[in-house]
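Below: the structure, in structure tokens.
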Amino acid sequence: MDEENLRIDAAVRSLADATQKIISLKKAKADSKEISAAKKAEKKTKKEVEALLKEQKAIREELEDLMKRRYFVVPSFEIYGGVAGLFDFGPPGSALKDQFLELW
């Protein structure tokens with residue numbers, strides 16, 4: 001995993017821990033101040049996770065746009081309006097795929 005994915009993984013794990021803490025506090029019938037503090041911590045962690053995922057989505061969109069502009073991939077049935085999520089390889093994409101298969 002790269003550094004960015006490790007950061008996201010750690011943030012998601014801390015969000016899960018914060019949620020588990022709230023559940024255990026409620027089961028133990030803890031003080032409402034403790035529960036509200038745990039909820040605030042959970043909310044802060046959730047915002048961090050959302051920000052990291054938003055940043056990752058922007059990077060993915062940039063990469064997809066570059067691949068379309070360089071004609072590595074083309075949306076399937078583009079002349080008919082396209083089908084969401086389906087792509088065909090353009091000439092550079094086919095050449096790259098062939099090179100991978102050749103090395104395999």
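The values are calculated or read from the model by the stated rules, or taken from the named source; none is laboratory data. A quick note: this is a predicted structure, and the numbers were derived from the prediction, not measured. Quick reminder, even Gly has a Cβ in these numbers, built from the backbone with ideal geometry, and neighbours come from all protein chains shown. Keep in mind that these areas ignore ligands, DNA and RNA; they rest on the heavy atoms of the full protein, side chains included. Shrake-Rupley method; radii C 1.70, N 1.55, O 1.52, S 1.80 Å.
Take the residues of region 95-104 that are of a type outside the set (A, V, I, L, M, F, W, C) and under 18 Å from Arg70 (Cα atoms): which is most open to solvent (accessible area, probe 1.4 Å)? If we take residues in region 95-104 being of a type outside the set (A, V, I, L, M, F, W, C) and under 18 Å from Arg70 (Cα atoms), then Gln99 is most open to solvent (accessible area, probe 1.4 Å). Residues that are in a helix (DSSP H, G or I) and either open to solvent by 60 Å² or more (accessible area, probe 1.4 Å) or touching a Leu at 6+ places or on another chain (Cβ under 9 Å) (or both) were ranked within region 14-28; the one that is farthest from Leu52 (Cα to Cα) is Lys27.
Out of contact with any strand residue (DSSP E or B) (no Cβ under 9 Å at 6 or more places or on another chain), under 30 Å from Leu6 (Cα atoms), at pLDDT 85 or above and open to solvent by less than 100 Å² (accessible area, probe 1.4 Å): is that true of Asp65 in this structure? The answer is yes for Asp65. The residues of region 50-89 that are closer than 27 Å to Val12 by Cβ, part of a helix (DSSP H, G or I) and not acidic (Asp, Glu), listed by number, are Ala51, Leu52, Leu53, Lys54, Gln56, Lys57, Ala58, Ile59, Arg60, Leu63. For the condition at pLDDT below 85 and surrounded by fewer than 12 Cβ atoms within 10 Å (Cβ to Cβ), Ala58 does not qualify.
The set of residues in region 73-87 being open to solvent by less than 80 Å² (accessible area, probe 1.4 Å) and closer than 22 Å to Arg60 by Cα consists of Val73, Val74, Pro75, Ser76, Gly82, Val83, Gly85. Taking the conditions (1) under 30 Å from Ile8 (Cα atoms); (2) surrounded by 12 or more Cβ atoms within 10 Å (Cβ to Cβ); (3) out of contact with any strand residue (DSSP E or B) (no Cβ under 9 Å at 6 or more places or on another chain) in turn, Pro92 satisfies each one other than (1). What are the residues in region 29-42 that are out of contact with any helix residue (DSSP H, G or I) (no Cβ under 9 Å at 6 or more places or on another chain) and open to solvent by 60 Å² or more (accessible area, probe 1.4 Å), if any? Correct list: Lys29, Ser32, Lys33, Lys40.
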